[in-house]
Amino acid sequence: MSTYNFHGPISGQSIFGDGGQNLIFQGPSAARAMGVADDLVRLLRAEQDGRDDAAVQLRGELARAESEERPVDEERVRGWLTTIREGSAAGSGALALIASLKELLGL
């Protein structure tokens, strides 16, 4: 009989799927979320001149949360993402960036 011992750190969400897959996530990356938020601001400035207020506010909240070492205000972030989504064209890359941010922030 053999045993398999895992001695690494386990934290964050765990998803135990079919086929014996254990997917262990270490949590969202603040740097990746900031990068996606930067991309979202740039895209909205290029596509919808003057309609980037919500994206700028969202990015500011991410920066403040990181500097204050606190979680983001999920309710405000959801509101800004909804505003951006409703104002974006169907073929816009903004929709993909919104989905990425939601995943990174666990919303």
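Bear in mind these aren't lab numbers, they're just calculated from the coordinates by the rules spelled out. On a predicted model such as this, the values are computed, not experimentally measured, just so you know. Cβ atoms come from the backbone with ideal geometry, glycine included; neighbour counts cover every protein chain shown.
The length gained on full extension between ALA46 and THR83, counted as 0.36 nm times the residue separation minus their Cα-Cα distance, comes to 11.6 nm. Here the gap between GLU103 and ASP73, fully extended at 0.36 nm per residue and compared with their Cα-Cα distance, gives a gain of 9.3 nm. Using a cut-off of 13 Å between beta-carbons, work out the net charge of the residues near ARG45 (Lys and Arg +1, Asp and Glu -1, ARG45 not included). Result for the local shell: -3. Stokes-Einstein diffusion of segment 28-105 at 10 °C, 1.306 mPa s viscosity, Kirkwood radius from Cα pairs, rounded to a whole number: 129 µm²/s.
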